[in-house]
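Structure record follows, encoded as structure tokens.
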Amino acid sequence: MTPQDRDYLHAILKEKSGLVLVGEKDYLLQSRLMPVARRHGMESVSELVAKTRTPGNNGIINDITEAMTTNESFFFRDKTPFLHFTETMMPELLKDRSGTKKLRIWCAAASTGQEPYSLAICLKEMSERLAGWKIEIIGTDLSAEVIEKARSGLYSQFEVQRGLPIHMLTGYFSQAGDMWQIDSSIRAMVTYKEFNLLESFAGLGKFDIVFCRNVLIYFDQLTKAEVLDRVANQMNPNSYLVLGAAETVIGLSDKYNSVAEKRGLYEVKGAGAATVGGVDIAKPVFVPRSAVSGAA
Amino acid sequence: MKNCLVVDDSNVIRKVARRILEEMNFAIDEAADGQEALDKCRQGMPDVILLDWNMPVMDGMDFLIALRQEENGQAPKVIFCTTENDVGHIMKAMRSGANEYIMKPFDKEIFEAKFSEIGLI
Ligand SMILES: C[S@@+](CC[C@H](N)C(=O)[O-])C[C@H]1O[C@@H](n2cnc3c(N)ncnc32)[C@H](O)[C@@H]1O
């Protein structure tokens, strides 16, 4: 792989997914892209790169992007966000939205589904307080592969042992060969969709809770700031944003307030800050730059 | 430092478990079957017991039932750690007083997840 190949790959990844690779991750390119090259019948990563420079190879570019993103997730990851969900966010929202009895929750980097399903399990466990409520959970991710796995609700023995207490495994899963499948009643609570956070959020609708965890960490400052501001525009007044343990809005977006003593939890106050009639007047819509590959 | 009694008839498994649990800051004692484990518990209850199911002399289930009838036998947390990975075995273990359940093979991440599940780390 030449330095030009490397720079070119960095540029495509940034363009397509926001993913920014730092120097020491260079070896990752080679080790993660070699299997993609072989799958496409090529001998080297350089050959793969050459192929993406010719038009009509968006499929290969998607495969490259998927191979380079980190999809790791587990049930009830970091635990506290889910405590905040049941003990802070839900009680507040049940009071605040009692007029409409509707809530929409967005997992903006849902990966293989553990995060949205953990939320669905939390809701199931408090279902006696939710009679008459309509609660939607929408899980989106850039990668078609992880979305497909999320929809299937199938997890390995290893995956169900990271973060799931045993009574939840026996309570909400059944055995399917070597795998464990989450019950259809839980699966039915989540809608999955392939979606890139760099694209326009128009059409997603408004949300009351957004989990956007462990994805901004891979973006550069400008992309983080843009995504955070645009997420705020998709949030109803008095809504909650939850970030990953190593992520913050501080220095990136002024549309959120931290919730006292709840690390990683933020509120959007008032009527969506700079929004009038649902149209953001303060910020231009973020338009992704045209693809590096030259494909329209 | 919390004490963990590792009960397994395979000394390879005991060694692997010991290495991981020592990294997690537990003081380890070992037993090769349920009877040996019960004798050790009678001398002093550990904070947690990592328990295999199938063992000679006294198996894990018989040990668990006996332990819970001992004076102070409710005190230790018991985590089954076994190749038995069907719902029937899991339910039976939990009904008999186990606190958590690990299906082999395990690794450090699973140990950390399960030990934190019952408030041990
Ligand atoms: C580490 S996982 C996080 C999963 C889950 N939120 C959690 O915290 O466990 C990161 C996910 O972000 C997705 N991702 C990366 N860039 C993205 C983008 N531009 N738009 C949407 N999803 C993206 C990846 O495909 C990956 O599944």
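In the set (1) closer than 24 Å to A:P116 by Cα; (2) at pLDDT below 90; (3) within 16 Å of the ligand (Cβ to nearest atom), A:T191 fails one condition alone, (2).
Considering only residues that are out of contact with any helix residue (DSSP H, G or I) (no Cβ under 8 Å at 6 or more places or on another chain) and either more than 21 Å from A:F195 (Cβ to Cβ) or polar (S, T, N, Q) (or both), which ones fall in the stretch A:47-72? Answer for the stretch A:47-72, where residues must be out of contact with any helix residue (DSSP H, G or I) (no Cβ under 8 Å at 6 or more places or on another chain) and either more than 21 Å from A:F195 (Cβ to Cβ) or polar (S, T, N, Q) (or both): A:A50, A:T54, A:P55, A:G56, A:N58.
Counting only residues that are loosely packed, with under 12 Cβ neighbours inside 10 Å and assigned to a helix (DSSP H, G or I), the stretch B:20-30 holds 1 of them. Between B:G97, B:G119, the distinction of being at pLDDT 95 or above, surrounded by fewer than 16 Cβ atoms within 10 Å (Cβ to Cβ) and more than 9 Å from chain A (Cβ to nearest Cβ) belongs to B:G97 only.
The residues listed here are A:N62, A:N58, A:N71; of these, the one that is within 15 Å of the ligand (Cβ to nearest atom), more than 30 Å from A:E125 (Cα to Cα) and more than 14 Å from chain B (Cβ to nearest Cβ) is A:N62.
Here A:L198 meets each of (1) closer than 24 Å to A:K134 by Cα; (2) among the aliphatic types (A, V, I, L, M); (3) within 15 Å of the chain's Cα centre (by Cα) with one exception, condition (1).
Among the residues making up the stretch A:172-190, a single one is within 15 Å of B:N85 (Cα to Cα) and either part of a helix (DSSP H, G or I) or facing another protein chain (nearest Cβ under 7 Å) (or both): A:Q175. Does A:F85 count as open to solvent by 20 Å² or more (accessible area, probe 1.4 Å), of a type outside the set (D, E, K, R) and either within 30 Å of B:E112 (Cβ to Cβ) or within 16 Å of the ligand (Cβ to nearest atom) (or both)? It is false that A:F85 is open to solvent by 20 Å² or more (accessible area, probe 1.4 Å), of a type outside the set (D, E, K, R) and either within 30 Å of B:E112 (Cβ to Cβ) or within 16 Å of the ligand (Cβ to nearest atom) (or both).
Every listed requirement among (1) within 14 Å of the ligand (Cβ to nearest atom); (2) open to solvent by 60 Å² or more (accessible area, probe 1.4 Å); (3) in a helix (DSSP H, G or I) is met by A:D78 save one, (3).
The selection criterion, being part of a loop (DSSP other than H, G, I, E, B), more than 13 Å from the ligand (Cβ to nearest atom) and at pLDDT 95 or above, does not hold for A:S111. A:I217: more than 12 Å from the ligand (Cβ to nearest atom), touching a helix residue (DSSP H, G or I) at 6+ places or on another chain (Cβ under 9 Å) and outside any loop (DSSP other than H, G, I, E, B), yes or no? Spelling it out, it is not the case that A:I217 is more than 12 Å from the ligand (Cβ to nearest atom), touching a helix residue (DSSP H, G or I) at 6+ places or on another chain (Cβ under 9 Å) and outside any loop (DSSP other than H, G, I, E, B). Does A:L103 qualify as being over 12 Å from the mean Cα position of the chain (by Cα) and assigned to a strand (DSSP E or B)? Against the criterion (over 12 Å from the mean Cα position of the chain (by Cα) and assigned to a strand (DSSP E or B)), A:L103 qualifies.
Within the stretch A:92-105, residues that are at positive phi sit with their Cβ atoms under 7 Å from residues that are open to solvent by 20 Å² or more (accessible area, probe 1.4 Å), at 6+ positions apart or across chains, in these pairs: A:K101/A:G132; A:K101/A:W133; A:K101/A:K134.
Of all residues in the stretch A:120-166, those that are surrounded by 24 or more Cβ atoms within 10 Å (Cβ to Cβ), within 11 Å of the ligand (Cβ to nearest atom) and not in a loop (DSSP other than H, G, I, E, B) total 3. Within the stretch A:23-59, the set of residues being open to solvent by less than 70 Å² (accessible area, probe 1.4 Å), in a loop (DSSP other than H, G, I, E, B) and under 30 Å from A:S200 (Cα atoms) comprises A:T54, A:N57.
Note on the stretch B:64-94: among residues that are assigned to a helix (DSSP H, G or I), farther than 28 Å from A:A176 by Cβ and open to solvent by less than 10 Å² (accessible area, probe 1.4 Å), the one that is farthest from the other protein chains (Cβ to nearest Cβ) is B:L67.
The values are calculated or read from the model by the stated rules, or taken from the named source; none is laboratory data. What you see is a predicted model, and the numbers here were worked out from it, not measured in a lab. Cβ: placed from backbone, ideal geometry, glycine included. Neighbour counts: every protein chain shown. When the accessible area is computed, the model is the full protein with side chains, heavy atoms only, and any ligands, DNA or RNA have been set aside. Shrake-Rupley method; radii C 1.70, N 1.55, O 1.52, S 1.80 Å.
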